[in-house]
Amino acid sequence: MEKVVIIGSGPAAYTAALYTGRANLAPLVFEGELSKDILPGGQLMTTTEVENFPGFPEGVTGPEMMELFKKQAERFGAKMLPRTVTAVDFSRTPFTVASGHETWQSESVIIATGATAKYLGLESEERFMNRGVSACATCDGALPRFRGKPVVVVGGGDSAMEESLFLTNFASRVHVIHRRDKLRASKIMGDRAMAHEKIIIEWNSVVEEVLGDDASGVTGVRIQDVHSGAVRELEAAGYFSAIGHKPNTELFRGVLDMDEVGYLRVEPGASRTNIEGVFAAGDVADPVYRQAITAAGSGCKAALDCSRWLEAQHG
Ligand code: NAP
């Protein structure tokens, strides 16, 4: 039986693994298998330059940073398992965690499954998925299909700005389609994007449909002005969704307390969920900050809460 199982593999999961590893708890980390829905290492694996994590004055790429986090946790005995958890049973102790037909038992669990990019939900997004439609410019932006061509990015937050700026390296023009007349992005990111000669912000606009055909994939978008109702078509070889994320909590529906969006509810200032011995860390329980540094900090808290809880159980 395991003392601690950690589900996830971003900054929260690896930090929780580092701390529980150093507490001699030999955590077992379910990092997830690469699939349409799962990216081992989490969202930082699709981030080019991380400039806001203290300790890296020259910046660091997301994948490099996750590799360093992982190595540091392994140094203290964390066991990494490239498996996806498909079911949990928290109704009795020890807790059970399953991946396919295999099961593991653990005295405690730390959930750090993060969040996943959202799409608008248009049928045409689905139709051209991976044929010009993507939610990750940093993963797909350098593909030949986008080089020297116009592309669109949907959203007005930091992700939309970051993705747009990255796409300027390849695309001829980047249209940012935003539903309001004001960006949600931080001032520095917004200013950088607005000052870029290749970026055009299409204010007060929503996407009606992604246009394309079977042979070419995406060829454009049809957008509508939310005030005048006027409809226009923009030529584009790529369509990048950057409208935020949803927490990866399907597995815990009906088991753990969540807010209306699906973020896990934890005790204020701590990491305890409604089930004793089950803790949460990182974006899965954070609808507000969602930064690598806050995720890492909450991974530390979860590990300390978990270690202390285990100590109390063993008297
Ligand atoms: P976000 O801040 O929630 O922004 C989402 C954007 O998408 C908003 O502009 C929103 O419009 C728009 N949107 C949402 N649903 C929509 C819909 N159905 N139709 C049209 N537009 C829609 O998400 P994010 O940009 O992914 O950022 C998440 C967090 O990560 C933030 O805290 C951000 O600061 C951080 N982040 C930081 C960096 C960095 O510092 N390098 C990079 C990426 C992300 P409204 O504005 O109208 O709501």
Inter-part distance where the range 273-307 and the range 157-180 are each reduced to a Cα centre, Å
31
Among PHE166, GLY148, ALA12, flag the residue with its Cα farthest along the positive direction of the charge dipole of the chain, charges on Cβ as +1 for Lys/Arg and -1 for Asp/Glu.
ALA12
Per residue convex hull volume, Cα only, the chain, in Å³ is 145
Most mobile listed residue (LEU183, LEU34, LEU304) in the chain, GNM with C-alpha springs under 10 Å:
LEU34
Which of LYS246, LYS187, LYS79 moves the most in a Gaussian network model of the chain with Cα springs under 10 Å?
LYS187
Gaussian network model of the chain, springs between alpha carbon atoms under 10 Å - residue of PRO144, PRO27, PRO287 with greatest fluctuation:
PRO144
Rounded to the nearest 0.05, what FRET efficiency is calculated for LYS79 and VAL261 with R0 set to 25 Å and r the Cβ-Cβ distance?
0.20
Accessible area in square angstrom per residue, the chain, 1.4 angstrom probe
49
Please compute, for the alpha-carbon atoms of the range 187-315, the extent along each of the three principal axes and give them in descending order in Å.
68, 34, 32
What is the sum of charges, Lys and Arg at +1 and Asp and Glu at -1, for the other residues whose Cβ falls under 9 Å from the Cβ of ASN204?
-1
Determine, for each peptide in 191-202, 50-61, 288-299, the mean count of other beta carbons within 10 angstrom over its residues, then list the peptides with the highest first.
288-299, 191-202, 50-61
What area, in nm² and to one decimal, does the C-alpha convex hull of the range 54-181 cast on average over all directions?
12.7
With respect to the cross-link table entries LYS79/LYS118; LYS118/LYS149; LYS3/LYS118; LYS79/LYS301, which display a Cα-Cα separation exceeding 29 Å?
LYS79/LYS118; LYS3/LYS118
How about the chain: what cysteines have no other cysteine beta carbon under 4.7 Å from their own?
CYS300, CYS306
Can you send over the carbon and sulfur percentage of the accessible area for the chain, probe radius 1.4 Å, protein chains only?
50
What the 10 Å binned alpha carbon P(r) of the range 119-241 shows, as percent of pairs per bin from 0, is 15, 50, 32, 3, 0
Taking each full run of DSSP H in the chain as one helix, which ones are at least 15 Å long along their axis (Cα atoms) and have mean Kyte-Doolittle hydropathy of at least 0.0?
11-22, 292-313
Under 17 Å Cα-Cα from LYS198, which aspartates and glutamates qualify once same-chain neighbours fewer than 8 residues away are excluded?
GLU162, GLU163, GLU235
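The values are calculated or read from the model by the stated rules, or taken from the named source; none is laboratory data. Everything quoted here is computed from the prediction, not taken from an experiment. Cβ atoms come from the backbone with ideal geometry, glycine included; neighbour counts cover every protein chain shown. Keep in mind that these areas ignore ligands, DNA and RNA; they rest on the heavy atoms of the full protein, side chains included. Shrake-Rupley method; radii C 1.70, N 1.55, O 1.52, S 1.80 Å.
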